[in-house]
Amino acid sequence: MADALRAVKGMNDILPPESARWEWFEDKVRALMRRYGYANVRTPIVEPTALFVRGLGEVTDIVEKEMYSFEDAMNGDRLTLRPENTAGVVRAMTEHSFLRDGGKRLFYIGPMFRHERPQKGRYRQFHQVGAEALGYAGPDVDAELILMGRALWRDLGLVEGRDVALELNSLGQADERVRHRAALIAHFEAHADRLDEDARRRLQSNPLRILDSKNAAMQPIIESAPKLLDFLGAESLAHFAGVRSALDAVGLAYRINPRLVRGLDYYNLTVFEWVTDRLGAQSAICAGGRYDPLIAQLGGKPAPAVGWGMGIERVLLLVQEAAIEVPIEPPCVYAVVPGPAAAPTAMRVCETLRAAGVSVLMHAAGEAGWGSLKAQFRRADASGARYALIFGDDELARGEVACKSLRDASAPQRTLALEAVAGWASELLA
């Protein structure tokens, strides 16, 4: 016997019944996006490596340590499995001149890839939902995206304040960050003896990332570091005030977190995170912000943009932690088929019912044949179906099929006429 092959470490199979929880979540997302007028976009899983190097920057953990990059043996192209999808969406909008007739509201659902140490809720192949609004400059769209997150939590049964909370900040514009950056570097250089190795490495290249450090020994100097909000000009402050005003108007509570930053230069103005304390140290479950410079940075005509992304695995973990019951819809009918002689009739009836909107699971023969009626009824009961249709020889000879309730022991078994199959559907669905 050949050696059994296994999945790549950190890349997981999603099997029933767990896959039903994913479908439930994705259905909630798609319904939400329809309500907000966001259209689905699908981009390739593989993109040119240069897209992420240019978009994310060479001196980032993602590019330096985490990307799955390779050379195409057929033509020598440098390719990468996408570690995130904002850059891919922007590339698609630019390549197809999709913003020429105005702004676009888009969303995506799909797998991403990062070579990180696998841990609960964080894997090397992980899945994200993202929403991107491109071509809109006002704070109203920033607020809309934040409120979309709130609407999703409510649709999932999560509660603000108990399960999730919103944190908010503004990164201002590039010239404001330059002044803040100089003040940050000066501050951390004055405490150089207390910086860890990562902080020393980032001090000149990306000092904002030092503010993300979880090193307990560095927290006092991080807390005393200059705050970016103190360096913002009038326009940036007005934009931030516009976002806050919109959130205040709908009664959404938030906390301004001056340490909420992004390590990538293309982010500007609003940044936000939905966080939870139910999943350990990694608290963010949805992160977003405005990235007005990115479209031009990737070769497109300058245009504003804002968006967010969330990891599906972590959201489903949170749903589980919050003890929210995810409804898994069983089939309506299980078709009990005693043997091959009844199979053609059973198949015809099942297809008619399915066409009428009734979900039907038809028993199928295994290696040992069709199995006993007792065994089939055990399977019917385990399926969760409400009814069993029994295609017995005697019933078929009379032009009938027996119908037995599997969830109401007091309900009598009855017979249904084969010539009136289409009329059963409403009864079975009632």
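The values are calculated or read from the model by the stated rules, or taken from the named source; none is laboratory data. Just so you know, these numbers come straight off a predicted model, no measurement behind them. All Cβ positions, glycine included, derive from the backbone under ideal geometry; neighbour counts span all protein chains shown.
Restricted to segment 1-103, the set of strands (runs of 3 or more DSSP E) holding at least 2 residues that are under 29 Å from Pro304 (Cβ atoms) comprises 46-48, 78-81. Taken residue by residue, segment 365-382 has no member that is touching a helix residue (DSSP H, G or I) at 6+ places or on another chain (Cβ under 6 Å) and outside the structural domain of Phe25 (by TED's automatic domain parsing).
Scanning segment 135-148 finds one or more residues that are assigned by TED's automatic domain parsing to the domain that holds Gly102 and either over 24 Å from Trp274 (Cβ atoms) or in contact with a Lys or Arg (Cβ under 7 Å, 6 or more places away or on another chain) (or both).
Considering (1) under 32 Å from the mean Cα position of the chain (by Cα); (2) closer than 20 Å to Ala420 by Cα, the lone condition that Ser383 does not fulfil carries the number (2). Among the residues making up segment 235-277, those that are among the small types (Gly, Ala, Ser) and within 24 Å of the chain's Cα centre (by Cα) are Ala253, Gly263. Counting only strands (runs of 3 or more DSSP E) wholly contained in segment 322-403, the ones carrying 1 or more residues that are over 30 Å from Gly280 (Cβ atoms) and small (Gly, Ala, Ser) occupy 333-336, 387-390. Close Cβ contacts (under 6 Å, 6 or more residues apart or on different chains) running from residues in segment 294-314 that are in the same structural domain as Trp153 (by TED's automatic domain parsing) and in contact (Cβ under 8 Å) with a residue 60 or more places away in the chain to residues that are among the acidic types (Asp, Glu) and part of a strand (DSSP E or B) comprise Gly307/Glu132.
Can Gly289 be described as touching a helix residue (DSSP H, G or I) at 6+ places or on another chain (Cβ under 7 Å) and either within 22 Å of Leu51 (Cα to Cα) or in contact (Cβ under 8 Å) with a residue 12 or more places away in the chain (or both)? So Gly289 does not fit the description; no. None of Ala92, Ala50, Ala39 is more than 25 Å from Leu317 (Cα to Cα), surrounded by 15 or more Cβ atoms within 10 Å (Cβ to Cβ) and among the small types (Gly, Ala, Ser) except Ala92.
With the requirement that a residue be among the small types (Gly, Ala, Ser) and surrounded by fewer than 17 Cβ atoms within 10 Å (Cβ to Cβ), what does segment 323-365 give you?
Selection gives Ala323, Gly339, Ala341, Ala355, Ala356, Gly357, Ser359, Ala364, Ala365.
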